[in-house]
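Visitor: Next up is a structure, given as structure tokens.
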Amino acid sequence: MTQTYAGIAWTDEGYRVEVLDGEGRRVVEPSRWSGAQCRELIAWLRDFDGGRPPAVVLESTNGLLDGPMTAAGLEVYRADPWLLPPRPGFGSVPAGLLAERARTAPGELARVTAEGGTLTGRAEEYFAGVKRGEPIVAELTASGRCFERGRRDDPRVALTFDDGPDPVFTRQVLDILDRYGARATFFCVGHHVAALPDLVRRTAAAGHELGNHSWSHPYLPDLTPEQLREQLDRTAETVAKVTGEEAPTRFRPPYGALSPEVLAALEGYPTRLTMWDVDTRDWARPGPERIAATVLESAGPGSVVLMHEGAGDRSQTVAALPSIVEGLLERGLEPVTVAELEDHAQRSKG
Ligand SMILES: [Zn+2]
């Protein structure tokens, strides 16, 4: 078989995959995968057609697959909104349409690299948007509607884990935190929560805080205000349904992509924006020693530390975690939830 194209769509139930050949014919029956089956999906694609994987096409509203897929050596492309018709309801455009774009207009798609991530080729646009949003974020932070870090006299640190839950790494992270009696905050994506409810329940039952990290990890500026709110609503509802507790109101934007337009779409939405002051850049896999060193060199009283537990190989983060927790404890810094840091900061303000 010659070149084939796999469009991967996301829905409220998981992924749908459609593979077309160069003539636009279906190569196999369309398939469905849950949000927890990323590894199985990658293995299936790698073994496709006797080891000749199709070119994979994703939307910029799917930030959960490009990382693990590029790391696995798959050829991954991104179809941006201006190349596609409007998204139908909740979900991306259909998988067949994504595959068809790759077949008919390959030059217009962006080849996603492991280094560039989901936004390969759109970094300038991303940074410009974040820069334009900075004064608004500063204002929100000053008025207590966005939280970046706690007080510098609070001898505690909030470790945060994004993009989970994950069928492999979440358990390992929870086990390590348990061992030290440490609490943390998990910014989950709805797509994974729906597929792995037991892990979410275990996380909540262990006293950790659950936050909202959207449904499909989209590049927020590509969503309409309604789509943005629906990403948050569905995730919050799913977490509440799974845990039987109140829906989380804390939100961390994927990629920290807070442009003025995104912030305007969130205006009046009942959410507590949560950023960070220490970025481990663990997704770049710099080695467990480097990840631990970044935390222990940069985190101080009141810090919020950004790490990842899902949507990629997070084994380095897991390997770094014992040294991080031990190092913080040695410095007299107790690992707690973001909510605990924020409560203290607000009470101190009086
Ligand atoms: Zn994320």
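Visitor: Looking only at the range 1-14, decide whether some residue is under 24 Å from the mean Cα position of the chain (by Cα), surrounded by fewer than 23 Cβ atoms within 10 Å (Cβ to Cβ) and part of a strand (DSSP E or B).
Guide: Within the range 1-14 (the criterion being under 24 Å from the mean Cα position of the chain (by Cα), surrounded by fewer than 23 Cβ atoms within 10 Å (Cβ to Cβ) and part of a strand (DSSP E or B)), the answer is yes, since at least one residue qualifies.
Visitor: Across the range 77-114, what is the total count of residues that are of a type in the set (Asp, Glu), farther than 24 Å from ARG26 by Cβ and free of Cβ contacts under 8 Å to residues at least 60 places away in the same chain?
Guide: Within the range 77-114, residues that are of a type in the set (Asp, Glu), farther than 24 Å from ARG26 by Cβ and free of Cβ contacts under 8 Å to residues at least 60 places away in the same chain number 0.
Visitor: Considering the range 242-256 alone, what residues qualify as being touching a Phe, Trp or Tyr at 6+ places or on another chain (Cβ under 9 Å) and surrounded by fewer than 20 Cβ atoms within 10 Å (Cβ to Cβ)?
Guide: TYR255, GLY256
Visitor: Residues that are within 16 Å of the chain's Cα centre (by Cα) and not assigned by TED's automatic domain parsing to the domain that holds CYS38, at least 3 per element: which strands (runs of 3 or more DSSP E) completely within the range 243-350 meet that?
Guide: 304-308
Visitor: Please go through the range 138-161 and pick out each residue that is of a type in the set (Val, Ile, Thr) and buried (at least 20 other Cβ atoms within 10 Å of the Cβ).
Guide: If the condition is that a residue be of a type in the set (Val, Ile, Thr) and buried (at least 20 other Cβ atoms within 10 Å of the Cβ), then VAL157, THR160 are the ones that fit.
Visitor: Among the numbered criteria (1) closer than 30 Å to ASP233 by Cα; (2) under 21 Å from the mean Cα position of the chain (by Cα); (3) buried (at least 16 other Cβ atoms within 10 Å of the Cβ), which one does ARG39 miss?
Guide: Here ARG39 clears every test but (3).
Visitor: Still on this structure: Out of VAL262, VAL239, VAL304, VAL295, I need the residue that is modelled with pLDDT of 95 or more, surrounded by fewer than 23 Cβ atoms within 10 Å (Cβ to Cβ) and among the hydrophobic types (A, V, I, L, M, F, W, C). Which one?
Guide: Of VAL262, VAL239, VAL304, VAL295, the one residue that is modelled with pLDDT of 95 or more, surrounded by fewer than 23 Cβ atoms within 10 Å (Cβ to Cβ) and among the hydrophobic types (A, V, I, L, M, F, W, C) is VAL262.
The values are calculated or read from the model by the stated rules, or taken from the named source; none is laboratory data. None of the values given here were measured: they were computed from a predicted structure. Here Cβ is always computed from backbone atoms with ideal geometry, including for glycine, and neighbour counts include all displayed protein chains.
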